[in-house]
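The next block holds one structure in the form of structure tokens; read it before the comments.
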Amino acid sequence: MAVLVTGGAGYIGSHTVIELLASGKEVVILDNFYNSCPKVLERIKALSGKEVAFEECDIRDKAGLDKVFEKYDIDSVIHFAGLKAVGESCQKPMLYYDNNIGGTVTLCQAMADHGCKRIVFSSSATVYGEHNVSPLKETMTAGGTTNPYGTTKFFIEQILTDIEKSDPEWSVCILRYFNPIGAHESGMIGESPNGIPNNLMPYITQVAEGKREFLSVYGNDYDTVDGTGVRDYIHVVDLAKGHLKALDKAYAENGTFIYNLGTGCGYSVLQVVEAFEKASGVKVPYKIVDRRPGDLATCFSDPSKAKEELGWVAEKGIDEMCADSYRWQHNNPNGYED
Ligand code: NAD
Ligand code: WQD
């Protein structure tokens with residue numbers, strides 16, 4: 001029996017594939033390389049010492065998905081495939097609704113047609129919207145998302161919940177990630193953004209590597225410890241391990257389950273810069289600029305439900321996150337593009 005990993009060539013997917021293989025699972029990666037490249041597959045093979053099945057396919061392609069389900073004995077899906085750039089989603093909402101929502105519905109249809117009814121889904125802390133106050137708990141009302149990307153995650157959560165309600169043979173595990181950073185400690189796989197990074201850590205590592213002159217810190221007048229935005233950064237390997245626990249849950253029980261995956265600790269932008277400089281030994285010049293529209297002052301999780309029900313806790317701290325992010329960037333200055 002195999003686990004189908006959609007978006008398995010991407011940042012979080014590739015780290016999760018490594019953990020799945022290490023635990024002895026059979027894995028099939030499915031990706032269309034929209035935001036990733038084939039080189040990651042070689043790295044996965046080198047790191048794991050295993051040959052991994054790969055299918056180049058778009059999750060919106062029902063006939064393609066059917067072929068994949070016919071070819072392999074797939075009994076669960078970890079669904080990472082999706083577009084994730086907040087700004088781009090405001091410019092191209094139809095692309096985001098089609099790819100993320102349309103793609104998920106097509107995937108679920110293919111799963112149902114082949115009797116595969118276990119799914120672990122990549123959701124996001126963004127579904128808590130603006131109105132909830134941190135620490136964010138799964139019992140809080142989600143919604144009030146502020147951009148099409150976030151809305152796709154909120155809608156997909158609803159869709160998956162409705163599918164399980166309509167057919168109680170389904171098991172749906174919704175994971176709300178906070179801010180994944182870091183990389184595999186080998187420095188062989190990591191986050192490889194196209195163009196100018198949108199997120200804090202890839203921007204910092206590119207400044208440290210001399211690819212960008214300075215970091216723009218988006219506002220220092222928030223009501224936080226030093227005025228800069230506070231987030232719950234989580235090491236991508238801890239996050240990957242959370243998927244294995246969620247998969248165990250999906251095998252053990254039918255139903256819809258929602259878990260935050262975060263550390264429960266918030267760090268400000270300047271605290272991250274300081275931790276990064278300490279871990280890397282490299283200075284990160286920065287300038288304070290205007291706030292970024294749509295940003296919240298503070299966002300961090302209450303991760304206690306995942307601890308109680310899945311037995312999962314994040315183990316790696318901010319120093320390790322920074323050291324591993326830097327190692328990846330330093331070893332691969334252009335990411336996978338070399
Ligand atoms: P990523 O872009 O590195 O990985 C996503 C992968 O999905 C890519 O390899 C891409 O090529 C593939 N993909 C996209 N559309 C596809 C399609 N239609 N068919 C097949 N493959 C497709 O992103 P990531 O950071 O690894 O994120 C994985 C998931 O986690 C996404 O759904 C994202 O929204 C979600 N998430 C990410 C973060 C974050 O900060 N990285 C936070 C919360 C949630
Ligand atoms: C973190 C902090 C910025 C860049 C986004 C998505 C969210 C989720 C994770 C997928 C904030 C500040 C950033 C920079 C800065 N993705 N910052 N200079 O905004 O918490 O979340 O990624 O689901 O949906 O919205 O993450 O890394 O962009 O920002 O000062 O160049 O760093 O203002 O306070 P964010 P981020």
So what is the diffusion coefficient of region 205-338 in µm² per second by Stokes-Einstein at 37 °C and 0.692 mPa s, using a Kirkwood Rh over Cα pairs?
197 µm²/s
Please say if region 215-260 is rounded, prolate or oblate, where rounded means a/c under 1.5 for a ≥ b ≥ c the square roots of the C-alpha gyration tensor eigenvalues, and otherwise the choice is prolate for a/b larger than b/c and oblate otherwise?
prolate
Would you work out what percent of the accessible area of the chain, with all protein chains in place, is carbon or sulfur (probe 1.4 Å)?
49 percent
Give a residue-ordered list of calculated ³J(HN,Hα) values for region 253-270 (Karplus: 6.51 cos²θ - 1.76 cosθ + 1.60, θ = phi - 60°; whole Hz; x for Gly, Pro).
8, 8, x, 10, 10, 10, 9, 6, 10, x, 9, x, 10, x, 10, 7, 4, 5
Rolling a 1.4 angstrom probe over the protein chains, ignoring ligands and nucleic acids, what is the accessible area of residue 244 in square angstrom, nearest 10?
30 Å²
Got a sec? What order do 72, 222, 128 fall in by accessible area at 1.4 Å, biggest, i.e. largest, first?
72, 222, 128
Along region 211-224, what does the Karplus equation 6.51 cos²θ - 1.76 cosθ + 1.60 (θ = phi - 60°) give for ³J(HN,Hα), rounded to whole Hz, x for Gly and Pro?
7, 9, 6, 8, 8, 8, 8, 7, x, 10, 10, 7, 7, 9
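I'm a student and want to see the number: the projected area of the Cα convex hull of region 128-190, averaged over all directions, in nm².
On the way: hull surface 26.0 nm².
Directional mean of the projected Cα hull area for region 128-190 stands at 6.5 nm².
What ranking of 313, 5 comes out by heavy-atom accessible area, probe 1.4 Å, highest first? Mind dumping the intermediate values first?
On the way: 313 65, 5 0 Å².
So, going from the largest accessible area down, we get 313, 5.
With the cut-off at 36 Å, report for the chain the share of all Cα pairs above it, as a whole percent. Write down the numbers at each step before the final one.
Numbers: 8119 of 56953 pairs.
Cα-Cα pairs of the chain separated by over 36 Å account for 14 percent.
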Got a number for the accessible area of residue 328? Probe 1.4 Å, square angstrom, nearest 10.
10 Å²
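With only Lys, Arg, Asp and Glu charged, each at its Cβ (+1 for the first two, -1 for the last two), find how big the charge dipole of region 230-336 is about the Cα centre; round to the nearest 20 debye. Walk me through the numbers on the way to the answer.
Values: 13 positive and 15 negative charges, 63 e Å.
About 300 debye.
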What ranking of 243, 184 comes out by heavy-atom accessible area, probe 1.4 Å, highest first?
184, 243
Please list, by residue number, everything in region 210-251 whose backbone N is under 19 Å from a paramagnetic label point 7 Å out along Cα→Cβ of residue 282.
210-217, 236
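Per residue of the chain, what 222 nm ellipticity follows from adding -39500 (n - 2.57) for every DSSP H run with n ≥ 4, rounded to the nearest 500?
-11500 deg cm²/dmol
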With only alpha-carbon atoms counted, please give the Rg and Dmax of region 74-225, in Å.
17.8, 54
Would you report the distance distribution of C-alpha pairs in region 1-122 as whole percents per 10 angstrom bin, up to the bin with the largest distance?
14, 48, 31, 7, 0
Could you give each residue of region 317-333 its phi-based ³J(HN,Hα) in whole Hz, using Karplus coefficients 6.51, -1.76, 1.60 with θ = phi - 60°, and x for Gly or Pro?
x, 4, 5, 5, 4, 5, 4, 6, 4, 5, 4, 4, 5, 5, 6, 9, x
How big is the charge dipole of the chain about its Cα centre, in debye rounded to the nearest 20, if each Lys and Arg gets +1 on its Cβ and each Asp and Glu gets -1 on its Cβ?
320 debye
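Which value, in Å², gives the accessible area per residue of region 249-307 when a 1.4 Å probe is used on the protein heavy atoms?
Numbers: 2940 Å² over 59 residues.
On a per-residue basis, region 249-307 sits at 50 Å².
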If the chain between residue 209 and residue 73 were fully stretched, how many nm would it gain, using 0.36 nm times the residue separation less the Cα-Cα distance?
44.6 nm
Expressed as cubic angstrom per residue, what is the convex hull volume of the alpha carbon set of region 81-153?
95 Å³
Taking a straight Cα-to-Cα line shorter than 28 Å from residue 71, and setting aside same-chain lysines fewer than 8 residues away, one finds 25, 39, 45, 50, 62, 117, 241, 245, 249
Given the Cα atoms of region 297-338, and with Rh set as the inverse mean 1/r over their pairs in the Kirkwood sense, what is Rg to Rh to two decimals?
1.18
Suppose R0 equals 22 Å; then what is the FRET efficiency for residue 141 and residue 256 from their Cβ-Cβ distance, rounded to the nearest 0.05?
0.90
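The values are calculated or read from the model by the stated rules, or taken from the named source; none is laboratory data. Computed from a prediction, not measured in an experiment: that's the story for all the values here. Please note: Cβ atoms are built from the backbone with ideal geometry, for glycine as well, and neighbour counts cover all protein chains shown. For accessibility, only protein heavy atoms count, side chains too; no ligands or nucleic acids. Shrake-Rupley method; radii C 1.70, N 1.55, O 1.52, S 1.80 Å.
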